[in-house]
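Chemist: Please see the structure below; I have some questions.
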Amino acid sequence: MGLRSHRGSLGQPRPSRIGSDGRQHSAAAWLGAGAQTEPKHELGKKFIRSHMAVLAGIDFFTVEVLTWRGLVTYYVLFFIHLESRRVSLAGYHEASG
């Protein structure tokens, strides 16, 4: 399997737009025919709203704990489910060194 990009497999052009009449149309023809375009930030907002049920954020923080061995630093990794805002602990690791 070769490298892929938004244009498809390397060396292959992007598929053209085929109208209901079976003919190839350019973007200008689509826009002239009344196809609506939205600013990119609006498309991003719409994408996030429509995918909230399956999106999660991930982050980490450090916490220092006083133990019998002295002050120990831990890295804590967690996920946030965006729709419910539920936080799940993914794991923690003692900082070495």
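Rule-based calculations on the coordinates, nothing more; no lab input. Since the model is a prediction, treat every value here as computed from it, not as a measurement. Neighbour counts are summed over all protein chains in view; Cβ atoms, including those assigned to glycine, are modelled from backbone coordinates with ideal geometry.
Chemist: Give the long-range amide H neighbours of LEU55: residues separated by 5 or more places, or on another chain, with amide H under 5 Å away, using H modelled in the peptide plane at 1.01 Å from N.
Modeler: LEU82, GLU83
Chemist: Sorted from fewest to most neighbouring beta carbons within 10 Å, what does the list SER96, SER84 look like?
Modeler: If I rank by nearby Cβ atoms, fewest first, I get SER96, SER84.
Chemist: Could I ask something else about it? What list do you get for THR73, THR62 if you sort them by fewest beta carbons within 10 Å?
Modeler: THR62, THR73
Chemist: Further question on the same structure: Give the value in nm², to one decimal: projected area of the alpha carbon convex hull of the range 40-97, averaged over all directions.
Modeler: 5.7 nm²
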